[in-house]
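The structure appears below as structure tokens.
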Amino acid sequence: MKFSECPSSRVKSWSMSLASIISLTFIFLFVYLTLTDVTEEAHLRRLPKEATCPESMPNGPNHSTSNASGGGIFFLETSERISPSFQAMCAVESAARANPHTNITIMMNGLTGNNKSLPQNFGISFLSCFSNVKFVPLDFKALFSDTPLSTWYSKVESHWELADYPTLSDACRLAILWKWGGIYLDTDFIILKNLQTLTNAMGLQSLYTINGAFLTFQPHHKFIEVCMKDFVNTYNYWLYGHQGPQLLTRVYKRWCGIRRLRDKSSCRGVNVLPTESFYPVYWQDWKKYFEVIEPKEIKKLLRNSYGVHLWNKKSHGKHMEEGSFLEHLQLKYCPTTNSFMKMYL
């Protein structure tokens, strides 16, 4: 009799089915995101090469007379893309308007150090209207040199199957803040307030997780050094978020000697800001941005917010409705990008 073999056979069959489902899910997600990016890139290429600068511009510093890498606000484009999306344009515009006296550096992998002039496209033309915005090449090897991440990058550079663009972004933001200090922001933010009063801080995504979409630290801060070492020592490409939110969360818990994030919102010179500071809408409720909402509700929801994270992995490609929460935000904080979207989309 082989009854004892039946359960293991069923488990094996079930495991294979589960593995197949997971594989198909990843394939579907990859194809969907790829096609969405291709469609968006094709649309961006149809835009004019130059954008008309808005009549009213905030007065800010000129990058030509200041050190672009000496702190300030940093955005990253780790892929080869050189045409900023409308979402990225809105993020940078809102940051530039809310922080007119702060240098904003957009580091792009698609740019090369040999080019003396920037590529001619609509997004770069528009964002260059802001005197405090500058585009610079993103050289991974140079960025990771002289940091604890250099040995890790040497390994993945010859084995790209062990890394992807989000993982590179997680590493880059740590290296940037370690070397120069300042503020790192994802390109799916809309910034509402000046950020210069914040220092050595991160934002809670939930009661259980710190998110790295916003980070601000002084140069060579010990916490960032510990994060980079943890990044290398516990590197696991296959676990989603392991090098990002989960890394920041586990390092902060060790840093403070706590088991729960709620136990300490500040310790040893590092601050964790409450969820409403940058993540007023929970990621599972991302559709709220695309719903019609009363202005008084928006005011109440954002009363303690410095910025709004749009959860791009969920909302990417979603059409914005007139009168929606997102339109209210764009009209107030990135009005020129909003007008361009209505003109060209």
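The values are calculated or read from the model by the stated rules, or taken from the named source; none is laboratory data. Just so it is clear, the structure is predicted and the values come from calculations on it, not from any experiment. With ideal geometry, Cβ positions are generated from the backbone for all residues, glycine too; neighbour counts draw on all protein chains shown. Side chains are part of the model used for accessible areas, which takes the heavy atoms of the whole protein and leaves out ligands, DNA and RNA. Shrake-Rupley method; radii C 1.70, N 1.55, O 1.52, S 1.80 Å.
At-a-glance table
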quantity: Whole-number percent relative contact order across the stretch 77-207, with pairs defined as alpha carbons under 8 Å at least 6 apart; calculated: 34 percent
quantity: For the stretch 102-208, Kirkwood radius (reciprocal of mean inverse C-alpha pair distance, Å); calculated: 16.1 Å
quantity: Other-chain or far-sequence residues with amide H under 5 Å of Leu273's (modelled H); calculated: Met202, Gly203, Leu204
quantity: Estimated vicinal HN-Hα couplings, Hz - the stretch 333-341 in sequence order (Karplus 6.51, -1.76, 1.60; Gly, Pro = x); calculated: 10, 9, x, 5, 4, 4, 5, 5, 4
quantity: Pairwise FRET efficiency - Ser265 versus Thr234, Cβ, R0 = 25 Å, nearest 0.05; calculated: 0.50
quantity: Under 14 Å, Cα to Cα: Lys pairs in the stretch 199-345, sequence gap 8 or more or different chains; calculated: 7
quantity: Highest average packing first - 139-145, 313-319, Cβ atoms within 10 Å; calculated: 139-145, 313-319
quantity: In nm, spacing of pseudo-spin labels at Asn304 and Glu55 (7 Å Cα→C-beta vector); calculated: 4.0 nm
quantity: Accessible area of the stretch 214-341 divided out per residue, in Å², using a probe of 1.4 angstrom; calculated: 54 Å²
quantity: In nm, spacing of pseudo-spin labels at Lys193 and Glu297 (7 Å Cα→C-beta vector); calculated: 2.3 nm
